[in-house]
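Novice: If you scroll down you'll find the structure; I have some questions about it.
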Amino acid sequence: MFLRGLACCRPGACIGKHALRKPPLTARLAALQERRHASTSEAPLKQTALYDFHRAQGGKMVGFAGWSMPVQYKDSHIVSHMHTREHCSLFDVSHMLQTKVHGKDRVKFMESLIVADVAELKDNQGSLSLFTNEKGGIMDDLIVTKTDQGYLYVVSNAGCADKDSAHMKARLQEVKAAGHDVDLEFLEESLVALQGPSMARVLQPGLSDDLGKLTFMTSVLTPVFGIQGCRVTRCGYTGEDGVEISVPSGSVVALAEKLLANSEVKLAGLGARDSLRLEAGLCLYGNDIDESTTPVEATLVWTIGKRRRQQRDFPGADIVVPQIKAKTQRKRVGLISTGPPVRQHTPILAPDGRLIGEITSGCPSPCLKKNIAMGYVEAGFSKVGTAVQVEVRKKAVPAVVSKMPFVPTGYYTGQ
């Protein structure tokens, strides 16, 4: 998942579909799936409620996080990427784990697992946060929303669904045994993301309330094009203005058809989603962050609430909080290079050729016509503008540490 800034290339600011070689995203995403789920590689892939719809629309299905998901449709990955930047695209993200946390002690329960200051959130406001372990490692990233319906709404990654649900259940047993009032509800609803600068024009006709009142990281329960029981949250994983819509699975095909009836909207798959999030400087769990990474190393200190830092009452706080002042030996950075594209595990070298880090994600940027990447380097090389090298095909290629997001964001803040 997510955040910290970007916006979008507008028409004329981006490169056309023939400007870059198509990156082998299918293979890269499939390899990630294989690494994450090697122990269950024989298990049948799960299907979302849109599976048959994807097939009928020409979706190329691949295994990802234990699910059969579309990596692209009839359009190329780059065409889908550019359409999202210039218009808007519909993504099926129903493989992600949706959870409701009920009970009067729900905030304390959730704060015992994550780094966010949930108590300070306003009604229907959400925050990116992190599950951390006692060593300060990141177990997953998530969005938690404090609803006005008497529950917390949590969305976390598909690749960590089993781990996250087991982690929450284990903690639930502990707090309930101590007499606290908390319950978990794992949802079966579908989840779709409508992302791009024209999202509001597309969605507004289907809402009774003014979408302009729904700002970035806020959420509302509302019918959508007459479909009851939907939750619309203004967020996403592309850097664009967008929403994620939790919808009853029996109605998700009808919703998708209604949205796609607008010529502004096209379907997009995992391939475009990956390059869009990388241009936005957003982490992919399992690549850019994992249990060996602390929030400080990952430059995600901003996700830790001020009160939480002061009270040191989140898992791993005694390790993470001192790192904020003392710094860490390594740091996540953005990189820009030309020449051959860089991929995960590409070595990062100092100007003298010494190994100083490793790429965690990389691809050619359809908007910048340059190679973009993120990775971890020794802290002394983390300053924006620092010249480094990346080793591609056993050759050192010049690169420069760059500010993320790589492309400006279009998040709607009401301004």
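The values are calculated or read from the model by the stated rules, or taken from the named source; none is laboratory data. Note that the structure is predicted; figures quoted are calculated from it, not measured. Please note: Cβ atoms are built from the backbone with ideal geometry, for glycine as well, and neighbour counts cover all protein chains shown. Calculation scope for accessible area: heavy atoms of the full protein, side chains included, ligands and nucleic acids excluded. Shrake-Rupley method; radii C 1.70, N 1.55, O 1.52, S 1.80 Å.
Novice: Looking at (1) crowded, with 24+ Cβ neighbours inside 10 Å; (2) under 14 Å from Lys331 (Cβ atoms), which is the one condition that is false for Glu358?
Specialist: (1) is the only condition that Glu358 fails.
Novice: Scan segment 62-87 and report the pairs whose first residue is closer than 27 Å to Asn262 by Cβ and part of a loop (DSSP other than H, G, I, E, B) and whose second residue is open to solvent by less than 20 Å² (accessible area, probe 1.4 Å) and modelled with pLDDT of 95 or more, with Cβ atoms within less than 6 Å and a gap of 6+ or a chain change.
Specialist: Between residues of segment 62-87 that are closer than 27 Å to Asn262 by Cβ and part of a loop (DSSP other than H, G, I, E, B) and residues that are open to solvent by less than 20 Å² (accessible area, probe 1.4 Å) and modelled with pLDDT of 95 or more, the close pairs are Tyr73/Gly59; His87/Gly196; His87/Ser198.
Novice: In segment 261-283, how many residues are in contact (Cβ under 8 Å) with a residue 12 or more places away in the chain, open to solvent by 20 Å² or more (accessible area, probe 1.4 Å) and in a loop (DSSP other than H, G, I, E, B)? Spell out the reasoning first.
Specialist: Going through segment 261-283, the residues in contact (Cβ under 8 Å) with a residue 12 or more places away in the chain turn out to be 262, 264-283.
Filter once more, so that each one left must be open to solvent by 20 Å² or more (accessible area, probe 1.4 Å): 262, 264, 266-267, 273.
Still in the running and in a loop (DSSP other than H, G, I, E, B): 262, 264.
Number of matching residues: 2.
Novice: Just to be sure, is Asn287 among the polar types (S, T, N, Q), over 24 Å from Gly410 (Cα atoms) and surrounded by fewer than 24 Cβ atoms within 10 Å (Cβ to Cβ)? Reasoning before the result, please.
Specialist: On the way: among the polar types (S, T, N, Q): yes; over 24 Å from Gly410 (Cα atoms): yes; surrounded by fewer than 24 Cβ atoms within 10 Å (Cβ to Cβ): yes.
In short, yes.
Novice: Which of the residues that make up segment 361-385 are buried (at least 19 other Cβ atoms within 10 Å of the Cβ) and within 19 Å of Thr293 (Cα to Cα)?
Specialist: Matches in segment 361-385: Ser361, Gly362, Ala373, Met374, Gly375, Tyr376, Val377, Phe381, Ser382.
Novice: Considering segment 215-235 alone, what residues qualify as being in contact (Cβ under 8 Å) with a residue 60 or more places away in the chain and either in a loop (DSSP other than H, G, I, E, B) or surrounded by fewer than 22 Cβ atoms within 10 Å (Cβ to Cβ) (or both)? So that I can check it myself, show each step before the final result.
Specialist: Filtering segment 215-235 for residues in contact (Cβ under 8 Å) with a residue 60 or more places away in the chain gives 215-221, 231, 233-235.
Residues satisfying the conditions are Thr215, Phe216, Met217, Thr218, Val220, Leu221, Arg234, Cys235.
Novice: Mind checking which residues of segment 363-395 are under 12 Å from Ala350 (Cβ atoms), in contact with a Gly (Cβ under 7 Å, 6 or more places away or on another chain) and of a type in the set (A, V, I, L, M)? Explain how you work it out, then say what you get.
Specialist: So in segment 363-395, the residues under 12 Å from Ala350 (Cβ atoms) come out as 377-378, 380-381, 386-391.
In the following step, the residues that additionally are in contact with a Gly (Cβ under 7 Å, 6 or more places away or on another chain) were identified as 377-378.
Val377 - this is the single residue of segment 363-395 that is under 12 Å from Ala350 (Cβ atoms), in contact with a Gly (Cβ under 7 Å, 6 or more places away or on another chain) and of a type in the set (A, V, I, L, M).
Novice: Same structure again: Run down Ser127, Ser76 and say which single residue is over 19 Å from the mean Cα position of the chain (by Cα) and surrounded by fewer than 24 Cβ atoms within 10 Å (Cβ to Cβ). Give the derivation first.
Specialist: Working: Ser127 fails: over 19 Å from the mean Cα position of the chain (by Cα).
Just a single option satisfies the conditions, and that option is Ser76.
Novice: Now a separate question. Thr346 - would you say it is in contact with a Gly (Cβ under 6 Å, 6 or more places away or on another chain), among the polar types (S, T, N, Q) and buried (at least 20 other Cβ atoms within 10 Å of the Cβ)?
Specialist: So Thr346 fails the test.
Novice: Residues of segment 329-345 being under 19 Å from the mean Cα position of the chain (by Cα) and small (Gly, Ala, Ser), which ones?
Specialist: Listed by number, the list holds a single entry, Gly334.
Novice: Across segment 387-415, what is the total count of residues that are within 11 Å of Ile336 (Cα to Cα), open to solvent by less than 50 Å² (accessible area, probe 1.4 Å) and in contact with a Pro (Cβ under 8 Å, 6 or more places away or on another chain)?
Specialist: 4
Novice: If you don't mind, there's one more thing I want to ask. Take segment 79-103 and flag every residue that is under 28 Å from Lys163 (Cα atoms), charged (D, E, K, R) and surrounded by fewer than 23 Cβ atoms within 10 Å (Cβ to Cβ). Break it down into steps so the answer makes sense when it comes.
Specialist: Within segment 79-103, the first condition is being under 28 Å from Lys163 (Cα atoms), and the residues that meet it are 90-103.
Still in the list and also charged (D, E, K, R): 92, 100.
If the condition is that a residue be under 28 Å from Lys163 (Cα atoms), charged (D, E, K, R) and surrounded by fewer than 23 Cβ atoms within 10 Å (Cβ to Cβ), then Lys100 is the only one that fits.
Novice: Return yes when Asp209 is surrounded by fewer than 16 Cβ atoms within 10 Å (Cβ to Cβ), in contact with a Lys or Arg (Cβ under 9 Å, 6 or more places away or on another chain), closer than 24 Å to Gly414 by Cα and without any contact (Cβ under 8 Å) to a residue 40 or more places away in the chain and no when it is not.
Specialist: On the way: surrounded by fewer than 16 Cβ atoms within 10 Å (Cβ to Cβ): yes; in contact with a Lys or Arg (Cβ under 9 Å, 6 or more places away or on another chain): no; closer than 24 Å to Gly414 by Cα: yes; without any contact (Cβ under 8 Å) to a residue 40 or more places away in the chain: yes.
No; evaluated as a whole, the condition is false for this residue.
Novice: A follow-up question, please. Please go through (1) small (Gly, Ala, Ser); (2) farther than 30 Å from Lys213 by Cα; (3) out of contact with any strand residue (DSSP E or B) (no Cβ under 8 Å at 6 or more places or on another chain) for Gly414 and return the number of the only condition it doesn't satisfy.
Specialist: Here Gly414 clears every test but (2).
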